[in-house]
Amino acid sequence: METRNAGRSAVHWTALVDEHNYRGTERFASGASARDTSGPGSISEPWTIRALSPKADIECVKGWRHGSLSIAHITGDAVSFHRSSAHLGDGYDRYIQICLINSGKIYTRQRGEESAGEADSVLALLLDHEFFSTTSNHTDVLLFDVPRSYFETRGINTEIMAASVLNRVPVAAPIRALVESALRLQEDGDESLRDCHERAILELLTGLGTLSSEGFELMDKHSVALRANVLGVIDAAYVDPQTSVDTLARAVGVSRRQLYRLFEGRNVSVAGMLRERRLDHAEMLLRHPGNSPISFIAESSGFNGPDQLSRAMRDRHGRSPREYRAEIRSQS
């Protein structure tokens, strides 16, 4: 969906935040909050946006959402947008926002860190912390909201990514192409490649997150190599119910204690990485057409039976696998 400026005296937007017909209009010039009641969790005021000029124009907002990924493509003139203590505590708190700048500039400040990005740069913001950002005129940006747990379970320490910036990103063009394809198919009503687009974009963003966090890691090369080895084993073996913390330690030749030390200080433990990867896989299978038995989905995702999967689903979503599948289908 696309909107154009409805008048120069105040900036308006109409945002499609997922594949459903949610619409909300706010006057940015007055500093009103952009509201989203259908995004992750129960959200009332995710952030506040103000136009920096009476003639500012938010020219286009397009949105796409599927599974663990939400995308917004925004073009327009200079605005400030911030997330304050009054906004925290909503469903966005568990997300990280990755900003890929196509043109223009963005200046941002979070947790005492200041950074600036321009074309082909990527900025990261933690949505459980306050931030303040401004954009230049003629800014074109892709915003990706991803659960922090998605990155954490792939070995990325998101705590050190606040206001981080990567310049001259080598995969900017492929990411743009995938987003353009996803938006075009959404406009055509074609749902067939949503899973493919989600997984491909998330893999590229994970690569960028790895590059970003590596620049801040204070570990010797041997420990970094061991950690990469552990993550490789998890990638290859998480769907096997026999894979555990002990088998991971044996696979890379370290003790259980050493294995934990490789990932200490993270929001997700090694056991948590396994559990979350399995849960991501189970959710993907639950979104597929058909009625595969929950027991089959559990075992195919590395869980020791449907009860273990059900407990994990209730911890993450507050609903059973069957309830999750029914809700997803009711939205399509």
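The values are calculated or read from the model by the stated rules, or taken from the named source; none is laboratory data. Small disclaimer: the values here were computed from a predicted structure and weren't measured. Backbone-built Cβ (ideal geometry, glycine too); neighbour counts: all protein chains shown. These accessible areas exclude ligands, DNA and RNA; they are computed on the full protein's heavy atoms, side chains included. Shrake-Rupley method; radii C 1.70, N 1.55, O 1.52, S 1.80 Å.
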*Determine whether the range 89-99 contains at least one residue that is out of contact with any helix residue (DSSP H, G or I) (no Cβ under 6 Å at 6 or more places or on another chain), surrounded by fewer than 18 Cβ atoms within 10 Å (Cβ to Cβ) and part of a strand (DSSP E or B).*
no
_Selected residue [hydrophobic (A, V, I, L, M, F, W, C), buried (at least 17 other Cβ atoms within 10 Å of the Cβ) and over 29 Å from residue 313 (Cα atoms)] from 224, 268, 230, 252_ = 252
_Just to confirm my filter: which strands (runs of 3 or more DSSP E) fall fully inside the range 111-211 and include at least 2 residues that are open to solvent by 20 Å² or more (accessible area, probe 1.4 Å)?_
113-117, 131-135, 139-147
*If you go through the range 259-271 one residue at a time, do you hit one that is within 22 Å of residue 94 (Cβ to Cβ), among the basic types (Lys, Arg) and part of a helix (DSSP H, G or I)?*
no
*Starting from the range 217-241, keep only residues that are small (Gly, Ala, Ser), then list their pairs with residues that are modelled with pLDDT of 80 or more and surrounded by 12 or more Cβ atoms within 10 Å (Cβ to Cβ) whose Cβ atoms are within a distance under 7 Å, requiring at least 6 positions of separation or different chains.*
223/262; 237/243
*Residue that is in contact (Cβ under 8 Å) with a residue 40 or more places away in the chain and at positive phi, where the choices are 120, 140, 145, 128*: 120
